[in-house]
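Have a look at the structure below before the remarks.
Please treat every number below as a calculation from the coordinates, not as lab data. These figures come from a predicted structure and were not determined experimentally. Neighbour counts are summed over all protein chains in view; Cβ atoms, including those assigned to glycine, are modelled from backbone coordinates with ideal geometry.
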Amino acid sequence: MKKYNQIVFPLIIGLIISLSACQQAGKNSTGSEYIPDMAHGVAFEANLYSYYYQNTWGTESEKHKMSSPRMPVNGSRPRSQATDALAMANKGMSSHQGISIPVNGSVPYYYANTEEDRLRAMAEIINNPYPITTAGLAKGKELYDIFCGICHGEKADGAGYLVRDGGKYPVQPANFLLDEHVQATNGRYYHAIFHGRNLMGNYKDKLSYEERWQVIHYIRSLQAGSKNLVYSEKENTFRTVEIPAEVLKAKAESEKAISAVTTKENQ
Ligand code: HEC
């Protein structure tokens, strides 16, 4: 009997330890699950691949397909693309169908991801639709440092930390301080953001229409700074294309004054 206990007790204790070990929840494991559905939802989560082998609601490839982002229906337009008169009348908010959506000025981009259209964009897109403002430059800096600076460098010299520190990134990103990029039209920048270029991916889903243009303003301000020129809300001694907000305001006021004088004269 004593000998029997010596064998059976350790066996039972071993079994308890091993069973409870399996049930322990860990960093990457839920432990034993009473009803697997409770830890692993059966719902398809947008943009989250949550396949679980005990889930019998579809095969792994079906789950993958259902959880992956899909393209919008042909002809869809972003809600923020308020082009109707109603939206304009509502001071920047679209109340179409009773839903208020902040307008970000999104417009369609008619240049395809081909070399031919890249050249066309470079030749045709000259102006920046937004005036230079202090707030826009601050927003541009924030976005540039996050989305572009890691490769193109915080100073726009092509030496972002991904390239500089140990060469983790395999190709040389464009150095915006070189003459070629200083002289490039705004279309070259907009097209690169919208479609990417070779190994550089696109940022059309990361940056809204206005954000793209503020990033371009900020790149211009870095280029101006490297030449000791001014690119600000007050003054632009670097390029003639972009208009500082204060210059625009002064121009509008003087035009108003002139038209007031001429209307008076005509009376
Ligand atoms: C992951 C690294 C990386 C990031 C992040 C990145 N780029 Fe680039 N970019 C590159 C590389 C590499 C090239 C050179 C591509 C080539 O010419 O083959 C390039 C080229 C360019 C060019 C020149 C395209 C041309 O016509 O020659 C522009 C403009 C540009 N990038 C703008 C941007 C902007 C703006 C951002 C941020 C929204 C950005 N890039 C983010 C890697 C990056």
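Would you kindly calculate the translational diffusion coefficient of segment 116-202, applying Stokes-Einstein with the Kirkwood radius from alpha carbon pairs, for 25 °C and a viscosity of 0.890 mPa s, and quote it in µm² s⁻¹ without decimals? Walk me through the intermediate numbers first.
On the way: Rh = 13.9 Å.
Answer, rounded: 177 µm²/s.
Peptides 214-220, 197-203 ranked from most to least packed give 214-220, 197-203, packing being the mean of other C-beta atoms within 10 angstrom over each peptide's residues. For Lys139, the lysines whose Cα comes closer than 23 Å to its Cα, not counting residues fewer than 8 places off in the same chain, are Lys91, Lys155, Lys204, Lys206, Lys227, Lys234, Lys249.
What is the sum of charges, Lys and Arg at +1 and Asp and Glu at -1, for the other residues whose Cβ falls under 13 Å from the Cβ of Thr185? Intermediate results must be reported in sequence, preceding the final value.
Values: positive: Arg118, Arg120, Arg188, Arg220, Arg239; negative: Glu124, Glu180, Glu242.
Within the 13 Å Cβ shell, the charges total +2.
Scanning residues 5 or more positions from Asn236 or on other chains, none has an amide H under 5 Å from its amide H, with H placed 1.01 Å from N in the peptide plane. For Ile243, the amide hydrogen comes within under 5 Å of the amide hydrogens of Ile132, counting only partners 5 or more places away or on other chains and with H modelled in the peptide plane.
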